[in-house]
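A short reminder: the numbers here are calculations on the coordinates, not readings from a lab. Just so it is clear, the structure is predicted and the values come from calculations on it, not from any experiment. All Cβ positions, glycine included, derive from the backbone under ideal geometry; neighbour counts span all protein chains shown.
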Amino acid sequence: MGENANEVPQEEEEDQIVNPFQVTVKKGEKIDYDKLIDKFGCQRLDPSFVERVERVTSRPPHVFLRRGVFFAHRDFNEILDAYERGENFYLYTGRGPSSEALHLGHLVPFMFTKYLQDAFKVPLVIQLTDDEKCMWKNLSVEESQRLARENAKDIIACGFDVTRTFIFSDFDYVGGAFYKNMVKVAKCVTFNKVVGIFGFTPEDHIGKISFPPVQAVPSFPSSFPHLFSGKDDLRCLIPCAIDQDPYFRMTRDVAPRIGYQKPALIESSFFPALQGETGKMSASDPNSAIYVTDSAKDIKKKVNNHAFSGGQDSIEKHRELGANLEVDIPFKYLTFFLDDDDEVEHIRKEYGSGRMLTGEVKQKLIQVLTELVERHRKARAAVTEEVFDPQMFQDEYQAVIAQSIL
């Protein structure tokens with residue numbers, strides 16, 4: 001099967017638009033992930049993969065795997081095949097810095113990437129696309145760079161293995177071998193094709209149209225000669241949300257034509273907004289999201305006042321009918337962040353039957369999120385300028401990674 005690189009993913013009846021720049025559905029509807037899989041041409045991550053990851057890594061699968069948060073893939077089976085043959089791979093993920101602090105939806109791919117790095121003991125590159133956000137969000141270069149540094153501290157606080165992790169900003173790093181690969185990719189992608197993949201219009205400035213190669217080339221180890229010298233055949237696995245798929249359909253289409261391996265992907269669903277599953281959290285609406293900077297009081301207020309409930313209008317009706325777990329956001333959030341499978345199943349049965357009330361579920365969620373955010377806040381406070389600077393851009397730190405990375 002081809003990569004469907006010329007297709008426009010949002011054209012089918014326009015009932016849902018999913019691309020790197022926009023995620024929307026018709027009012028009252030949810031994202032249809034089965035339709036996305038069909039349209040994008042990726043594969044569903046079935047339970048056999050979860051069992052295989054557990055067997056290969058000899059450790060329990062992450063909650064995001066067990067509960068289907070990461071639900072689709074491209075060539076993940078080939079990554080596992082290679083790993084079982086004793087071949088290494090590296091991870092690549094990123095962040096477009098457009099807000100002062102990360103919200104929980106932003107943390108999901110980084111939490112999962114940390115698990116993958118720990119489980120497989122592999123190197124990781126993290127791209128901060130400050131150039132992209134400068135062009136899409138009308139931010140100044142200086143503000144984009146500042147936000148990238150602030151976001152990087154939150155990323156470092158996730159606890160990555162610093163001897164196997166390279167974090168870079170596009171504004172600081174693009175050049176040399178990285179830029180050579182960008183040019184190779186750019187020569188293979190016509191204007192018509194990039195319009196078809198991303199939906200660009202004649203009103204979009206040329207910066208947007210020329211950006212996709214920047215996000216494509218961290219998929220190729222030769223873009224990082226200081227890390228992967230002589231390892232041009234090293235496979236790359238990209239954990240990301242499924243809205244990023246168009247970038248890597250393009251990349252996978254181009255890769256063989258310029259002599260590189262196709263990157264593999266493992267893709268997640270969206271972390272829903274507090275108001276309901278109509279897309280993903282929005283950094284522009286503070287009440288739609290829980291931020292890593294929120295206080296315990298903020299979290300309690302947001303959950304109690306804004307988290308959409310699937311409970312019934314009255315206690316009597318709730319006891320009779322139970323909660324609609326398909327639309328209940330407090331329960332949905334617990335499936336992301338409450339690790340205890342038995343406790344989640346208990347809440348599912350009790351709340352779904354009406355024996356447990358919405359207030360009890362919200363109280364549990366407030367406890368779980370408050371503990372998570374507090375742990376993150378403490379870890380971020382430990383990311384001082386002295387700790388932070390060597391993890392980005394300094395030659396001597398890159399040398400340390402290069403010596404221990406493979």
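Name the residue farthest towards the positive end of the dipole of the chain from the options GLN145, GLY41, LEU124, assuming +1 on Cβ of Lys and Arg, -1 on Cβ of Asp and Glu, about the Cα centre.
LEU124
Under a Cβ-only charge scheme (Lys and Arg +1, Asp and Glu -1), can you give me the dipole magnitude of segment 289-381 about the Cα centre, in debye to the nearest 20?
Details: 16 positive and 17 negative charges, 108 e Å.
Its charge dipole is roughly 520 debye.
Do any chymotrypsin sites (Phe, Trp or Tyr not before Pro) in segment 91-155 lie in a DSSP loop with no more than 10 other beta carbon atoms within 10 Å, and if so, which?
On the way: sites: TYR92, PHE110, PHE112, TYR115, PHE120, TRP136; in loops: none.
Nothing satisfies the criteria.
Could you give me the ³J(HN,Hα) list for segment 212-229, computed from phi with Karplus coefficients 6.51, -1.76, 1.60 and θ = phi - 60°, whole Hz, x at Gly and Pro?
Running phi through 6.51 cos²θ - 1.76 cosθ + 1.60 with θ = phi - 60° gives x, x, 5, 7, 6, 6, x, 6, 10, x, 5, 6, 10, x, 6, 9, 10, 4 Hz.
Any lysines with Cα under 27 Å of the LYS262 Cα? List them, leaving off those in the same chain fewer than 8 positions away.
The reachable lysines, counting only those whose Cα sits under 27 Å from LYS262, are LYS35, LYS39, LYS114, LYS121, LYS133, LYS180, LYS184, LYS187, LYS193, LYS208, LYS231.
What's the longest uninterrupted piece of the chain once you rule out the GluC sites (Glu not before Pro) that are loop residues per DSSP with at most 16 other Cβ within 10 Å?
Within the chain, the longest run free of exposed GluC sites (Glu not before Pro) spans 204-325.
If eta is 1.306 mPa s and T is 10 °C, what Stokes-Einstein diffusion coefficient results for segment 289-381, Kirkwood Rh from Cα pairs, in µm²/s?
117
Highest GNM mean-square fluctuation, the chain, Cα pairs closer than 10 Å: which of ILE155, ILE242, ILE258?
With Cα springs under 10 Å in the chain, the top fluctuation among ILE155, ILE242, ILE258 is at ILE258.
Among the lysines, select those whose C-alpha is under 28 Å from the C-alpha of LYS349, and discard any that sit fewer than 8 residues away in the same chain.
Output for LYS349: LYS30, LYS280, LYS300, LYS301, LYS302, LYS317, LYS332, LYS362, LYS364.
Please state, as a whole number in µm²/s, the translational diffusion coefficient that the Stokes-Einstein equation yields for segment 48-125 at 25 °C and 0.890 mPa s, with Rh defined as the Kirkwood radius across alpha carbon pairs. Please list the in-between numbers first.
Details: Rh = 13.7 Å.
Answer, rounded: 179 µm²/s.
Using the Cα centre as the reference, give the magnitude of the dipole from point charges on the C-beta atoms of segment 16-275 (Lys, Arg: +1; Asp, Glu: -1; all else neutral), rounded to the nearest 20 debye.
300
Over the Cα atoms of the chain, Rg to Rh with Kirkwood Rh, two decimal places?
Dividing the radius of gyration by the Kirkwood radius yields 0.96.
Restricting things to Cα coordinates, could you compute the convex hull volume per residue of segment 100-249 in Å³?
Here the figure is 124 Å³ per residue.
Kindly provide the helix-only [θ] at 222 nm of the chain, computed as the sum of -39,500 (n - 2.57) over DSSP H runs of four or more divided by all residues, to the nearest 500 deg cm²/dmol? Mind showing how you got there, number by number?
Working: 21 runs with 199 residues, N = 406.
After summing the helix terms and dividing by the residues of the chain, the value is -14000 deg cm²/dmol.
Hey, with R₀ at 51 Å, roughly what FRET efficiency would ILE258 and ARG67 work out to, going by the Cβ-Cβ distance, to 0.05? Each step should come with its number before you reach the end.
Details: r = 38 Å, r/R0 = 0.74.
For R0 = 51 Å, the calculated efficiency reads 0.85.
If the viscosity is 1.567 mPa s and the temperature 4 °C, what Stokes-Einstein diffusion coefficient in µm²/s follows for segment 280-333 when Rh is the Kirkwood radius over Cα pairs? Walk me through the numbers before you get to the answer.
Values: Rh = 12.5 Å.
Here the translational diffusion coefficient equals 104 µm²/s.
Please list, in order along segment 133-147, the HN-Hα scalar couplings obtained from phi with the Karplus expression 6.51 cos²θ - 1.76 cosθ + 1.60 (θ = phi - 60°), rounded to whole Hz, x for Gly and Pro.
With coefficients 6.51, -1.76 and 1.60, one gets 5, 4, 7, 8, 9, 6, 8, 6, 4, 5, 5, 4, 5, 5, 5 Hz.
Give me a comma-separated list of calculated 3J(HN,Hα) values for segment 65-76, in order, Karplus coefficients 6.51, -1.76, 1.60 applied at θ = phi - 60°, integers in Hz, x for any Gly or Pro.
Along segment 65-76, the couplings run 7, 4, 9, x, 5, 8, 10, 9, 7, 10, 6, 4 Hz.
Of HIS376, GLY207, ILE17, which is farthest towards the positive pole of the chain's charge dipole, taken about the Cα centre with +1 and -1 on the beta-carbons of Lys, Arg and Asp, Glu respectively?
HIS376
If I stretch the segment between GLN363 and LYS193 completely, what's the gain in nm (0.36 nm per residue apart, minus their alpha carbon distance), one decimal?
56.3 nm
If you build the convex hull over the alpha carbons only and average its shadow over all orientations, what do you get for segment 83-167? Give it in nm² to one decimal.
5.8
For the charge dipole of the chain, defined by +1 on Lys and Arg C-beta atoms and -1 on Asp and Glu C-beta atoms about the Cα centroid, which residue among GLY86, HIS346, VAL50 has the Cα displaced farthest towards the positive pole?
Checked the options; the winner is GLY86.
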